[in-house]
Amino acid sequence: MASRWKKASPGLLAGGLAAMGVLHFVAPKPFTRIVPRALPNPEALVAISGAAELACAALVAVPRTRRVGGLAAAALFVGVFPANCQMALDARSGTAKAIAYGRLPFQIPLVAWALSVSRR
């Protein structure tokens, strides 16, 4: 089972990154809304982060560039954390707040996953 996960893990990470990267361009509004207000030009930042996710996906998908892709994905997950915090701060209903705050700790396993992929 562990070896199956080890084999599938880079592809799953690349697929998730690619899907989120595409969403940044297809449906940017939810991402634009969570850019911290202190940062300039949310639309450009959403496009840049979407492009970064697509680049990380491509790097992770190719064994030869997987190390740099995993490290870049880990850095990306850390870099977008302020947007996740902004989403939690902006959540209005009790349920939305609970979900938004509840997902913040999951950034840690995402970073760990990307780092583990970089070591393969």
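Tabulated data for the structure shown
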item: Percent accessible area from carbon and sulfur atoms, the chain, protein chains only, probe 1.4 Å; result: 72
item: Alpha-carbon centroid distance for the pair segment 1-28 / segment 51-120, whole angstrom; result: 11
item: Dipole magnitude of the chain, debye to nearest 20 (Cβ charges: Lys/Arg +1, Asp/Glu -1, about Cα centre); result: 460
item: Diffusion coefficient, µm² s⁻¹, Stokes-Einstein with Kirkwood Rh over alpha-carbon pairs of the chain at 20 °C and 1.002 mPa s; result: 144
item: Top of 99, 34, 48 by mean-square fluctuation, Gaussian network on the chain, Cα under 10 Å; result: 99
item: On Cα atoms only, tilt of 94-103 relative to the major axis of the chain in degrees; result: 30
item: √(5λ) per eigenvalue of the Cα gyration tensor, segment 1-47, largest first, Å; result: 31, 11, 7
item: Ranked packing of 79-85, 102-108, 12-18, most packed first, by mean Cβ within 10 Å; result: 12-18, 79-85, 102-108
item: Cα→Cβ-extended label distance, 7 Å offset, between residue 7 and residue 89, nm; result: 4.6
item: Helical contribution to [θ] at 222 nm, DSSP H n ≥ 4, -39,500 (n - 2.57), averaged over the chain, rounded to 500; result: -25500 deg cm²/dmol
item: Heavy-atom accessible area per residue - the chain, 1.4 Å, Å²; result: 61
item: Order of exposure, largest accessible area first, which applies to 118, 3, 93 with probe 1.4 Å; result: 3, 93, 118
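The values are calculated or read from the model by the stated rules, or taken from the named source; none is laboratory data. If you're wondering where the values come from, they're calculated on a predicted model, not measured in any experiment. Positions of Cβ are backbone-derived with ideal geometry, glycine not excepted, and every protein chain shown enters the neighbour counts. Surface areas here come from the heavy atoms of the whole protein model, side chains and all, with no ligands, DNA or RNA. Shrake-Rupley method; radii C 1.70, N 1.55, O 1.52, S 1.80 Å.
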